[in-house]
1. Filter the range 176-205 down to the residues that are in contact with a Phe, Trp or Tyr (Cβ under 8 Å, 6 or more places away or on another chain) and among the aliphatic types (A, V, I, L, M), then identify the one that is farthest from GLU226 (Cα to Cα).
2. Which members of the range 129-140 meet the condition of being in contact with a helix residue (DSSP H, G or I) (Cβ under 8 Å, 6 or more places away or on another chain) and either part of a helix (DSSP H, G or I) or modelled with pLDDT of 90 or more (or both)?
3. Is it the case, given these coordinates, that ILE205 is assigned to a helix (DSSP H, G or I) and without any contact (Cβ under 8 Å) to a residue 40 or more places away in the chain?
4. All but one of (1) acidic (Asp, Glu); (2) out of contact with any helix residue (DSSP H, G or I) (no Cβ under 8 Å at 6 or more places or on another chain); (3) under 19 Å from LEU98 (Cα atoms) hold for GLU65; state the number of the condition that does not hold.
5. Test SER33 against the stated conditions and say whether it is modelled with pLDDT under 90, loosely packed, with under 15 Cβ neighbours inside 10 Å and among the polar types (S, T, N, Q).
6. Can SER84 be described as hydroxyl-bearing (Ser, Thr, Tyr), in contact with a His (Cβ under 9 Å, 6 or more places away or on another chain) and farther than 19 Å from ASP200 by Cβ?
7. Only residues that are of a type in the set (A, V, I, L, M) and crowded, with 23+ Cβ neighbours inside 10 Å: list them for the range 194-207, please.
8. For the range 53-128, which fully contained helices (runs of 4 or more DSSP H) count at least 1 residues that are surrounded by fewer than 18 Cβ atoms within 10 Å (Cβ to Cβ) and modelled with pLDDT of 90 or more?
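The values are calculated or read from the model by the stated rules, or taken from the named source; none is laboratory data. Values in this document were obtained by computation on a predicted structure and should not be read as measured data. Glycine also receives a Cβ, built like all others from the backbone with ideal geometry; neighbour counts cover every protein chain displayed.
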Amino acid sequence: MLIFRALYFLLFLFFLVSCAKNNIENSTIKEKSLELQVLEAYDIGKDALEGGDVLYAAKKFNEVETLFPQSEWAPKSALMAAYSYYVQDYYSDSIAELQRFIKIYPYHKNISYAHYLMGICYFEQIVDEKKDLQSIKNAKKKFNYVLKEHNNTEYALDAEFKINLINDILASKEMYIGRYYFEKKKWISAINRFRTVVDDYDTTIYTAEALHRLVEVHYKIGLTDEAEKYAQLLGYNYGSSEWYQNTYSLFNKDYKIRKKNRFKEIKKKNKKALKKFRTLFE
């Protein structure tokens, strides 16, 4: 009887060991199968992207992230999904993917690229500076962030270049509105717009014109001293520009008129003096 019990025990023990071994093997096979699925989905997404089917590519990249969110492929696939949308100008979808990436993987090694690509998505939506103000503001904010927080990356230089372009766009908008107010003789509103260009966008291509316009406005409303102040500033910084030549012509013309008027006044006074002097002999 004891022999049978010992035999049953050995058989039971062998069964447990076999089951454990099978579970380990099945688990290993399952892990390998999951990794293979991830790699396969990623490769399919990459092929679809290269073939121009960006929607299917983004779907497969998202599938990679869903299959194995803890793997190193997950954040990479999330970025690839965002890029897939970007290449076909699906900017809103790309921005949504990037926002999610930044939220889930804030310390990822490619986080600077995510911020930069988002800035590009906003930047490329700018068509008309008079209408796309929100896209302009978002792009400038994101590029400033890249320049400040990731200034040692390869994206910082282009971010700075894009900021300069955006400032040109914003200055252009201010000049457009300022010219409109100038034509409508709304002098204070025009001055405010031109001053914004001089104060906030002084490195843009519109600064010289803004200074000239300030000279014009102040001259027209009779504030000659203010006009001369801006004329001197224009001459000091942009003496060789066409806008300084226009300003110089304006003041040169004014000088000739004032000189002529002063000559008339002197002549008039002389006549009065001579007339008074002549009465002495009457």
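1. Restricting to residues being in contact with a Phe, Trp or Tyr (Cβ under 8 Å, 6 or more places away or on another chain) and among the aliphatic types (A, V, I, L, M), the top hit is VAL197.
2. LEU133, SER135, ILE136, ASN138, ALA139, LYS140
3. no
4. (2)
5. So SER33 fits the description; yes.
6. So SER84 fails the test.
7. Within the range 194-207, just VAL197 meets the criteria.
8. 54-67, 73-87, 91-104
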